[in-house]
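The values are calculated or read from the model by the stated rules, or taken from the named source; none is laboratory data. The shown structure was predicted, so the numbers you read here are calculated from the model rather than taken from an experiment. Neighbour counts are summed over all protein chains in view; Cβ atoms, including those assigned to glycine, are modelled from backbone coordinates with ideal geometry.
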Amino acid sequence: MKLPTQCPSCENLLQVSQLTCETCNTRVNGNYPLPVFLKLTPKEQEFILQFFLNSGSLKEMAAQVGVSYPTVRNQLDDMISHIKQLQNP
């Protein structure tokens, strides 16, 4: 099951409010923002995973997906801009 990151009612980002230990059932309550990675779209998360698995080679990613290097480079640039926006709202 995927961790929900958006409110099903208004679509704003959710915050983590409780963490639970599966071993001893200890619960920690508070309001914790989601990590930047979880604020990304599933497509952006998959891009980062593939980037990592391809040792950071955009050339290999482009060949694997069947698109040009400039297309993959533009996707990376768009993601960098999006991540910067998420870090500095």
Got a sec? Which of V36, V28 is exposed (fewer than 13 other Cβ atoms within 10 Å of the Cβ) and touching a helix residue (DSSP H, G or I) at 6+ places or on another chain (Cβ under 6 Å)?
-> V36
Counted residues, segment 78-89 - those being surrounded by 11 or more Cβ atoms within 10 Å (Cβ to Cβ) and either among the β-branched types (V, I, T) or closer than 21 Å to Q15 by Cα (or both) | 3
Report, by residue number, each residue of segment 37-77 that is within 21 Å of N12 (Cα to Cα) and either modelled with pLDDT of 95 or more or out of contact with any Phe, Trp or Tyr (no Cβ under 7 Å at 6 or more places or on another chain) (or both).
-> F37, L38, K39, L40, T41, P42, K43, E44
Before we move on, is E44 under 25 Å from T5 (Cβ atoms) and surrounded by 14 or more Cβ atoms within 10 Å (Cβ to Cβ)?
-> yes
V72 fails exactly one of the following numbered conditions: (1) surrounded by 11 or more Cβ atoms within 10 Å (Cβ to Cβ); (2) of a type in the set (A, V, I, L, M); (3) closer than 22 Å to T5 by Cα. What is the number of that condition?
-> (3)
Counting only residues that are loosely packed, with under 10 Cβ neighbours inside 10 Å, over 26 Å from Q85 (Cβ atoms) and either hydroxyl-bearing (S, T, Y) or touching a residue at least 24 places away in the same chain (Cβ under 8 Å) (or both), segment 1-25 contains a total of 1
